[in-house]
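This report concerns only the one structure given below.
The values are calculated or read from the model by the stated rules, or taken from the named source; none is laboratory data. Model, not experiment: these values are computed from the prediction. Please note: Cβ atoms are built from the backbone with ideal geometry, for glycine as well, and neighbour counts cover all protein chains shown. Side chains included, ligands, DNA and RNA excluded: accessible areas come from the protein's heavy atoms. Shrake-Rupley method; radii C 1.70, N 1.55, O 1.52, S 1.80 Å.
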Amino acid sequence: MGNKRNKILLVILASLIAVLFLIPLLWMISTSFKNDYEAIAGGLNWFPKNFTWDNYTYTLLSQAIDVPIFKWMFNSIFVGIAGTLIIVAIDAMAAYGLARLDVPFKKVLFPLFISTLMIPFVITFLPLYMQFSNLGLLNTYAALIFPYTANAFGVFLLYQFFRGFPKELEEAARLDGANKWDIFIRIVIPSARPVLWTLAIFSFMQIYNDFLWPLVATNTPEMRTITTGIAIMQQGSFVSSYGKLMALTTIATIPILIIFLIGQKQLIKGITQTGIK
Amino acid sequence: MAELRLVGIKKVYDKDVVSVKDFNLEIRDKEFLVLVGPSGCGKSTTLRMIAGLEEITEGDLYIGDKRVNDVAPKDRDIAMVFQNYALYPHMDVYNNMAFGLKLRKFKKDEIKKRVDNAAKILGLEELLDRKPKALSGGQRQRVALGRAIVRDAEVFLMDEPLSNLDAKLRVQMRAEIQKLHARLQTTTVYVTHDQTEAMTMATRLVVMKDGIIQQVGEPKEVYDFPNNIFVGGFIGSPAMNFLNGKIEGNHFVMGDVKVEIPEGKLKTLRDQGYVGKDIVLGIRPEDIHDEPLYLKSSPETKFSAHIEVAELMGSEIVLYSKVDDQDFVARVDARFNATAGQTIDFAFNLSKAHFFDKETEERIK
């Protein structure tokens, strides 16, 4: 009895929170279908009085705005995917090594890795900027990708998983004739799929959503990512045109949404596996 | 040809923790050898050294005529079954069994032939495309066995393979493993802490304690003639009773209770100078009787005692009682209706009992 009531209360609470999170998103979508006058006029009209696709057609198809929106999307997605792949590959190997292999000084290395999580980005970003500047890599994909790939979060997340990974599975594989690489690739990685997905989704979102670094690391319109692009538009062509701005932001959320939908199941599995266990 | 020889094997962890020492053992071809002992006695470590999963600190390990100390696990021609099955969670049953063969670059149809054959032996034919998650504990254990079978290895190593199963399934799988051994005749080393498993399955068993072999022998021999108090107490359930007393004349005396020692045993004790000394009597619960006929025929070992607890097991009753304030357990026939609270007569069958030195705890032979 009581159990069931608790469950109902929990569901209601969860729904409320979900709605709370959804409101800005829905408002964004709603606004993207309003004309400029209605968008600016305010008022809590969730359904546009004069429903219009104009914002989308204008943003995507019009020659009037001279900015490479599709290039921005491409940049963001490309940088996001490339960065994510590198992060997952490096972090998986680093975490497995630290958790399971005889790595010299690993007892010192691991805390050192983790301590970097406590350094806020605002502290490192200027040195990082100068570093890339000195290397002549500013305004390149390398500048947009590599700063993200040195991140201890994934090492930490995967380390926890690999630590809990049953030793017997590795031993069974050893007796079956597998070497360390076989074990890693054919036994450990497939079992870690949900956690790897979790890391991948987090990483992709982090890179895709980031604003500050791409803003300072790039300086030509062609190299901008979608987040910085939106900012440019907000101060440029779309200034005070909320409908178009929201249309652009709505488009920008689509890749994240797709990635999330693909990985959702694995993500939940991954969180429960590493969290509760 | 798969004999194993362990010569002076020693295992030291972290430079000073000795897990196994002075381990000398010959494991015969086709034997089902059981390593048994309480947890922490070094039995699993020994098995893992044979597997190559632990390094051997000292001593030599031979499989056949070949010294294999420095041979990698995969090249030792052994297969191992783990306590928690260690099935690869992302592979179906077929691939779990085939994995080792694939790594060894077997041809596809040979792999299929072997896996199908193992599946047939173990009754897994219907389950080949299932993932381990979708299997019951018993089925998982069978897959783990199948993985060992397909390898056609010289030696099987099993590390407590039944301890994750429920009691009923354990008994069933026990029989199945025995059948499998009878059929395949593969030399097997089996580790367990369960003395019942050890007794029922072993062709020979090795009782270990604190990293040292206490006794090696056939189950019946170990049961009937335990080398020391530890082995006597470990093998058999309920455990052997150990009663402190003294030899006076031709009697074993516990406080006010005197029982007469049979001639043969008495001679041994006398010859070795135990008369008048403190000594330990070891007697199994089934060698303590309460049947009127036995009491009548053995008045020389008769005494009376108060029953504190009586556990009816069906055909027999286990009685918990005291003599000279020392606990003992008797397993008697349920027909005679002994119940808690009664004071009844007991008699020891001393011809089946053993005497142990109080200092060394060794059996006096």
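Assorted remarks:
- Restricting A:Ala82, A:Ala14 to residues that are in a helix (DSSP H, G or I), within 21 Å of the chain's Cα centre (by Cα) and over 23 Å from A:Phe165 (Cβ atoms) narrows the list to A:Ala82.
- Residue check, B:Leu25 open to solvent by less than 70 Å² (accessible area, probe 1.4 Å), part of a strand (DSSP E or B) and either in contact with a helix residue (DSSP H, G or I) (Cβ under 6 Å, 6 or more places away or on another chain) or charged (D, E, K, R) (or both): no
- Candidate set from region A:187-199 (those that are among the aliphatic types (A, V, I, L, M) and closer than 14 Å to A:Ala95 by Cβ); member that is farthest from the other protein chains (Cβ to nearest Cβ): A:Leu199
- Residue check, B:Arg114 within 14 Å of chain A (Cβ to nearest Cβ) and farther than 25 Å from A:Lys167 by Cα: yes
Rundown of residues vs (1) more than 9 Å from chain A (Cβ to nearest Cβ); (2) open to solvent by 10 Å² or more (accessible area, probe 1.4 Å), yes/no style:
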residue: B:Ile78; (1), (2): no, no
residue: B:Asn84; (1), (2): no, yes
residue: B:Gly100; (1), (2): no, no
residue: B:Phe106; (1), (2): yes, yes
residue: B:Asp109; (1), (2): yes, yes
residue: B:Ala119; (1), (2): yes, no
residue: B:Arg130; (1), (2): yes, yes
residue: B:Ala134; (1), (2): yes, yes
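- For region B:86-97, the set of residues classified as within 12 Å of chain A (Cβ to nearest Cβ) and farther than 10 Å from A:Leu175 by Cβ consists of B:Leu87, B:Tyr88, B:Pro89, B:His90, B:Met91, B:Asn95, B:Asn96, B:Met97, listed by residue number.
- Looking across region A:175-185, the residues that are facing chain B (nearest Cβ under 9 Å) and buried (at least 19 other Cβ atoms within 10 Å of the Cβ) come down to A:Leu175, A:Asp176, A:Gly177, A:Ala178.
- Residue check for A:Ile230: of a type in the set (A, V, I, L, M), farther than 30 Å from B:Leu103 by Cβ, in contact with a Gly (Cβ under 8 Å, 6 or more places away or on another chain) and in a helix (DSSP H, G or I): no
- Note on region B:1-22: residues that are open to solvent by 10 Å² or more (accessible area, probe 1.4 Å) and in a loop (DSSP other than H, G, I, E, B) amount to 5.
- Residue within region A:122-145 that is open to solvent by 70 Å² or more (accessible area, probe 1.4 Å), among the hydroxyl-bearing types (Ser, Thr, Tyr) and away from chain B (no Cβ under 14 Å) present: yes
- For the condition closer than 21 Å to B:Glu160 by Cα, more than 8 Å from chain A (Cβ to nearest Cβ) and either over 23 Å from the mean Cα position of the chain (by Cα) or open to solvent by 10 Å² or more (accessible area, probe 1.4 Å) (or both), B:Asp60 does not qualify.
- Complete set of residues in region A:1-23 that are open to solvent by less than 80 Å² (accessible area, probe 1.4 Å) and of a type outside the set (A, V, I, L, M, F, W, C): A:Gly2, A:Ser15
- The single condition from (1) assigned by TED's automatic domain parsing to the domain that holds B:Cys41; (2) open to solvent by 10 Å² or more (accessible area, probe 1.4 Å) that B:Glu311 fails is (1).
- Region B:40-60 - residue that is touching a Ser or Thr at 6+ places or on another chain (Cβ under 7 Å) and assigned to a loop (DSSP other than H, G, I, E, B) and, of those, farthest from A:Glu168 (Cα to Cα): B:Gly42
- Any strands (runs of 3 or more DSSP E) falling wholly within region B:178-227 and containing at least 1 residues that are closer than 24 Å to B:Lys10 by Cα and basic (Lys, Arg): B:204-209
- Positions within region A:238-259 being within 16 Å of A:Asp66 (Cβ to Cβ) and surrounded by fewer than 18 Cβ atoms within 10 Å (Cβ to Cβ), in sequence order: A:Val239
- Residue check, A:Asn209 under 21 Å from A:Val88 (Cα atoms), in contact (Cβ under 8 Å) with a residue 12 or more places away in the chain, away from chain B (no Cβ under 14 Å) and in contact with a Ser or Thr (Cβ under 7 Å, 6 or more places away or on another chain): yes
- Boolean, B:Lys365 is open to solvent by 50 Å² or more (accessible area, probe 1.4 Å) and either closer than 20 Å to B:Ile229 by Cα or among the small types (Gly, Ala, Ser) (or both): yes
- Residue selected from region B:146-170 under the condition surrounded by fewer than 19 Cβ atoms within 10 Å (Cβ to Cβ) and in a helix (DSSP H, G or I), by the criterion farthest from the other protein chains (Cβ to nearest Cβ): B:Lys168
Residue by residue, here is whether (1) away from chain A (no Cβ under 14 Å); (2) of a type in the set (S, T, N, Q); (3) buried (at least 20 other Cβ atoms within 10 Å of the Cβ) holds:
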| site | (1), (2), (3) |
| --- | --- |
| B:Glu31 | yes, no, yes |
| B:Thr45 | no, yes, yes |
| B:Asp65 | yes, no, no |
| B:Val71 | no, no, no |
